[in-house]
Amino acid sequence: MFNAPWICARCFVRSAARFGSNPRPFLQRRGLKTDSAGISQALLARARSLTNEHSTLSAHLAEVFDAKLAKRVGELAPIASTLKEWEHANSSISELLSLLNDPETDAELRSLAVEDLESSKVALPAIADNLKKALIPRHPFADLPCLLEIRPGAGGDEAGLFAFEVLRMYIAFCSRRGFRYSLIKQDVADGPAQDRLSEAVLEVDADGAYDILRTESGVHRVQRVPATEAKGRTHTSAVSVMILPSFPDSGSGLDSSLNFEDPNSDYYVDPQEVRTEKMRAGGAGGQHVNKTESAIRLTHIPTGTVVSMQDSRSQHANRKKAWQVLRARIAEARREAREQEMVNLRRGAMGGVARMGRGDKIRTYNYGQNRCTDHRSGLTIHNLDSVLDGGEGLETVMESVRTWLVEREIEALAAEESVQDKEGLRAQPR
Amino acid sequence: MPRIPSRTILDAHRQDHLLPLLLQECRSLDLAKSELGWMRNRAVSQAQSNPLRIETTKPKLHQGWRSTLRSMCRARSRGQPLQYILGDQPFGDLDILCRKEVLIPRPETETFTFHAANLISRNVVNASQSLINPHAISVRVIDLCTGTGCISLLLHALVAPHVQHLSIVGIDISTTAIKLARRNLKYNIRQGKLLDRAMADITFRKGNVLCGVPVDASNEEQALGDTPESTLRTACHLDVIISNPPYISEKSYGNGTTARSVRMYEPRIALVPPVLGDALKIPLHRQEDIFYYHILSFSFKRKVRLVMLECGDHSQGERVAALCRALAAQYLQVDDLCISIWPANDGTLNKSAHDVSEPCMVIVQRLGLGNTTTCGQPTSDSK
């Protein structure tokens with residue numbers, strides 16, 4: 001820009017503003033009371049209490065076996081081991097320091113101690129990072145396969161066209177990663193061509209696919225000159241992608257919290273609350289007619305969620321798939337509601353940091369500049385094709401979002417802990 | 001039949017030039033588009049799987065998928081059923097092959113078969129509670145007028161995991177149907193949709209349910225009684241008859257109730273019961289109920305535990321239930337009998353308005369012999 005012979009005033013101000021302030025590091029630091037090792041006291045306290053729980057539970061487990069306890073212990077084990085590692089490193093550092101401060105130490109030992117101290121100090125931040133990651137609670141759906149739902153948003157025909165490309169991108173991604181996938185639903189908008197989606201649901205049938213694709217949930221924005229544009233203007237349209245958990249069939253030995261047929265489960269859908277409609281005309285049925293109409297529409301009455309399915313020739317198969325999608329949508333909505341509650345609780349501590357929901361714009365694909373920018377991690381890739389082919393580019397973007405998510409989680413955890421600390425202090429004087 | 005507005009035809013033509021052809025049979029744009037999609041998928045996969053495509057010189061095999069699709073659409077526009085064009089129909093989790101001269105499985109029959117499998121499983125559980133050895137139960141099913149064999153095969157797929165000794169006999173009068181049913185059995189085992197034991201458990205035989213006493217009765221007697229070694233081994237039998245017999249009356253076959261495509265392409269013998277010379281001897285109100293009379297009297301003779309019959313609509317269901325009561329009085333077996341119609345039509349369901357003209361299933365359960373099933377169970381379950 002500065003090589004140009006002249007610059008308009010507005011552009012200059014804007015670019016100056018960009019250089020002047022860099023908000024991101026500031027954001028990351030907020031709310032973190034860090035000590036020398038890069039981990040806040042609040043988090044450390046939490047890790048200690050969880051480690052205590054781990055040791056008592058495993059002592060209990062040595063006497064009586066309990067599947068639930070064993071699972072909990074398995075969850076806590078990495079925290080305990082990382083904390084031990086961290087404490088070990090810390091204690092060795094303090095030992096070395098005391099050795100250095102001691103005037104009686106001879107010179108040879110002193111030089112060795114300095115070397116050791118340096119290597120320990122280098123290792124400490126990595127261990128602290130691991131500890132933070134171990135402290136993040138596991139996502140409830142992390143182990144599940146997922147459903148990927150694509151819907152065009154604002155932008156008319158162009159949005160439908162881009163939705164088709166997004167679908168192709170994820171199919172390519174799945175086949176590159178070796179995930180089994182099936183297209184459950186593909187609704188094409190009215191028109192001469194088959195490449196304008198009005199809705200698509202892709203099932204990715206690999207354990208843990210939800211965790212991998214979770215970064216993709218949100219609004220994807222495209223900026224390009226559409227094929228339908230006659231005058232060569234650039235359009236901006238949006239496609240929304242949703243990642244839903246796909247529950248395995250019952251009886252596969254999963255724990256009860258994810259078993260959707262158990263009425264006590266969080267994700268149970270009462271069949272009484274679901275209205276099933278077969279879209280067929282009245283009149284005689286059975287042997288009198290031979291109808292090929294197999295569409296099914298399910299309506300979950302309390303939430304008003306509607307799922308219709310017509311892709312398969314079998315009504316039975318359509319009903320099964322519609323139930324799968326309905327269940328996934330309701331489960332995701334319930335989880336989101338719970339998360340929202342948590343965020344509201346935390347808000348005081350976090351200073352009103354907005355949550356990244358599915359309604360937010362997460363990524364821009366700009367064809368004119370051949371770039372793809374993720375708005376959460378701030379990463380820009382100047383090779384759009386490698387992203388749209390579901391290849392390296394997409395992997396890089398997803399990885400950057402994943403580290404961003406981890407940062408956010410740690411931030412949230414620290415905030416939560418500090419809130420609890422404050423409340424604890426307030427409670428004590430009484 | 002209402003005329004299709006030319007606006008719709010124009011719309012359809014703009015989207016795909018084959019759609020107007022399909023509209024003639026489908027009558028709605030959405031359905032026509034779905035059917036076109038299914039046929040296109042089939043045509044493409046056929047073209048890909050045809051290895052002779054390049055080498056052969058025969059013009060017919062040289063066709064690309066586009067011309068295959070076009071000929072499919074033409075056939076469909078003449079009213080030929082989609083299932084005959086594509087050659088199969090999904091039924092539950094199975095794929096049932098279809099061909100001319102054999103009735104195509106209907107979605108209602110699919111629903112009824114699922115319900116029947118539930119009933120059988122529940123009866124097995126009930127019986128096993130009153131026994132010391134729960135594995136000693138054998139279930140024997142006769143599927144009369146089996147056609148493609150769809151009911152027999154789906155029942156096996158659903159019930160076999162719960163029952164160790166299961167034998168299913170499918171009977172039909174048509175040799176073509178029996179051949180097709182056997183082919184379906186092999187086909188579904190090969191596809192991995194049926195267990196391997198289905199080959200031994202399921203048999204299809206030719207037989208006449210009406211009148212032909214010497215041939216079919218002995219066949220059925222055999223079917224119910226010819227397994228002496230299993231009789232010794234097992235302590236309790238559960239005999240079941242399930243049937244989807246021809247139930248369309250002469251009148252509703254001719255007056256437009258029955259769709260044109262069905263009349264033109266599907267076998268009349270599978271739809272309309274024949275008029276027999278000795279019909280006058282049988283006390284029946286309606287000619288189309290003749291199959292039910294024969295099946296029910298057979299069930300009373302053999303004291304079958306569970307009989308499930310598909311009927312054309314609710315009024316026919318009522319007639320069959322009344323017939324069943326009359327026959328029960330005749331055979332002096334009134335006490336332990338429980339007759340119900342499923343799905344129940346008492347206005348509790350939100351769509352009961354046009355439910356009356358839809359098919360239903362008459363369920364006759366024989367109680368006793370330590371069976372604690374209560375009478376209200378099948379109906380209360382359906383709500």
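The values are calculated or read from the model by the stated rules, or taken from the named source; none is laboratory data. Just so you know, these numbers come straight off a predicted model, no measurement behind them. A quick note on method: Cβ atoms are made from the backbone with ideal geometry, for glycine too, and the neighbour counts reach across all protein chains shown.
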- Item | Residue in region A:221-235 that is buried (at least 20 other Cβ atoms within 10 Å of the Cβ) and touching a Pro at 6+ places or on another chain (Cβ under 9 Å) present | no
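Every residue, every condition in (1) closer than 19 Å to A:MET309 by Cβ; (2) free of Cβ contacts under 8 Å to residues at least 40 places away in the same chain; (3) basic (Lys, Arg), yes or no:
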{"residue": "A:SER120", "(1), (2), (3)": "no, yes, no"}
{"residue": "A:GLY153", "(1), (2), (3)": "no, no, no"}
{"residue": "A:TYR181", "(1), (2), (3)": "yes, yes, no"}
{"residue": "A:ALA189", "(1), (2), (3)": "yes, yes, no"}
{"residue": "A:SER198", "(1), (2), (3)": "yes, no, no"}
- Task: Scan region A:171-189 for residues that are at pLDDT below 90 and surrounded by fewer than 18 Cβ atoms within 10 Å (Cβ to Cβ) and jot them down.
- Result: A:GLN186, A:ASP187
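Which one of these is more than 14 Å from every other protein chain (Cβ to nearest Cβ) and under 30 Å from A:LYS278 (Cβ atoms): B:ILE151, B:ILE137, B:ILE168, B:ILE178?
On the way: B:ILE151 fails: more than 14 Å from every other protein chain (Cβ to nearest Cβ); B:ILE137 fails: under 30 Å from A:LYS278 (Cβ atoms); B:ILE178 fails: under 30 Å from A:LYS278 (Cβ atoms).
Sole residue among the options that is more than 14 Å from every other protein chain (Cβ to nearest Cβ) and under 30 Å from A:LYS278 (Cβ atoms): B:ILE168.
Per-residue answers, yes or no, for (1) modelled with pLDDT of 95 or more; (2) assigned to a loop (DSSP other than H, G, I, E, B); (3) surrounded by 21 or more Cβ atoms within 10 Å (Cβ to Cβ):
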residue	(1), (2), (3)
B:GLU101	no, yes, no
B:THR111	no, no, no
B:SER128	no, no, no
B:ILE132	no, yes, no
B:VAL169	no, no, yes
B:GLY192	no, yes, no
- Take the residues of region A:69-83 that are out of contact with any Asp or Glu (no Cβ under 8 Å at 6 or more places or on another chain) and in contact (Cβ under 8 Å) with a residue 24 or more places away in the chain: which is farthest from A:ALA47 (Cα to Cα)? A:GLU75
- A:ARG110 fails exactly one of (1) crowded, with 17+ Cβ neighbours inside 10 Å; (2) assigned to a helix (DSSP H, G or I), namely (1)
- Message: Taking the conditions exactly as written (part of a helix (DSSP H, G or I), over 30 Å from A:LEU57 (Cα atoms) and either of a type in the set (A, V, I, L, M) or not assigned by the TED database to the domain that holds A:SER58 (or both)), does A:LEU117 satisfy them or not?
- Response: yes
- Query: How many residues does region A:278-297 hold that are surrounded by fewer than 22 Cβ atoms within 10 Å (Cβ to Cβ) and more than 7 Å from chain B (Cβ to nearest Cβ)?
  - Reply: 7
- Could you check, for region A:315-337, whether at least one of its residues is more than 23 Å from A:TYR170 (Cα to Cα), modelled with pLDDT under 80 and in a helix (DSSP H, G or I)? no
- Task: Among the residues of region A:120-155, count how many are of a type in the set (Ser, Thr, Tyr) and either at positive phi or part of a loop (DSSP other than H, G, I, E, B) (or both).
- Result: 0
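Within the bounds of region A:54-70, is there any residue that is under 25 Å from A:SER418 (Cα atoms), at pLDDT 80 or above and surrounded by 14 or more Cβ atoms within 10 Å (Cβ to Cβ)? Walk me through how you get there before you give the answer.
Going through region A:54-70, the residues under 25 Å from A:SER418 (Cα atoms) turn out to be A:54-55.
Okay, now just the ones that are also at pLDDT 80 or above, so A:54-55.
From what is left, the residues that are surrounded by 14 or more Cβ atoms within 10 Å (Cβ to Cβ) are A:54.
Checked against the condition, which is being under 25 Å from A:SER418 (Cα atoms), at pLDDT 80 or above and surrounded by 14 or more Cβ atoms within 10 Å (Cβ to Cβ), region A:54-70 yields at least one hit.
Name the one entry in B:GLU108, B:GLU101 that is in contact with a Pro (Cβ under 8 Å, 6 or more places away or on another chain), under 26 Å from B:PRO246 (Cα atoms), away from chain A (no Cβ under 14 Å) and of a type in the set (Asp, Glu). Break it down into steps so the answer makes sense when it comes.
Numbers: B:GLU108 fails: away from chain A (no Cβ under 14 Å).
Being in contact with a Pro (Cβ under 8 Å, 6 or more places away or on another chain), under 26 Å from B:PRO246 (Cα atoms), away from chain A (no Cβ under 14 Å) and of a type in the set (Asp, Glu) holds for just one of B:GLU108, B:GLU101, which is B:GLU101.
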- Task: Residues being over 23 Å from A:ASP129 (Cβ atoms) and part of a helix (DSSP H, G or I): count how many of those fall in region A:41-94.
- Result: 16
- Query: Taking B:LYS193 and the conditions (1) touching a strand residue (DSSP E or B) at 6+ places or on another chain (Cβ under 6 Å); (2) within 24 Å of B:LEU306 (Cα to Cα), which numbered condition does it fall short on, given that it satisfies the others?
  - Reply: (2)
- Message: I want to confirm something. Restricting to region A:119-164 and keeping residues that are acidic (Asp, Glu) and under 29 Å from A:ALA42 (Cβ atoms), which single residue is modelled with the lowest pLDDT?
- Response: A:ASP129
- Query: Could you list, in sequence order, the residues of region A:357-397 that are outside any strand (DSSP E or B), touching a Phe, Trp or Tyr at 6+ places or on another chain (Cβ under 9 Å) and either under 28 Å from A:ALA333 (Cα atoms) or modelled with pLDDT under 90 (or both)?
  - Reply: A:ARG376, A:SER377, A:GLY378, A:GLY390, A:GLY391, A:LEU394, A:GLU395
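Restricting to region B:171-190, what's the tally of residues that are part of a helix (DSSP H, G or I) and either closer than 23 Å to B:THR111 by Cβ or of a type in the set (Phe, Trp, Tyr) (or both)?
Looking only at that region, the number is 7.
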- Message: Which numbered condition in (1) in a loop (DSSP other than H, G, I, E, B); (2) free of Cβ contacts under 8 Å to residues at least 12 places away in the same chain is the only one that B:THR146 fails?
- Response: (2)
- Residue pairs within 7 Å by beta carbon, gap of at least six or interchain, first lying in region B:121-134 and over 14 Å from B:HIS162 (Cα atoms), second part of a helix (DSSP H, G or I) and at pLDDT 80 or above, listed first then second, are none
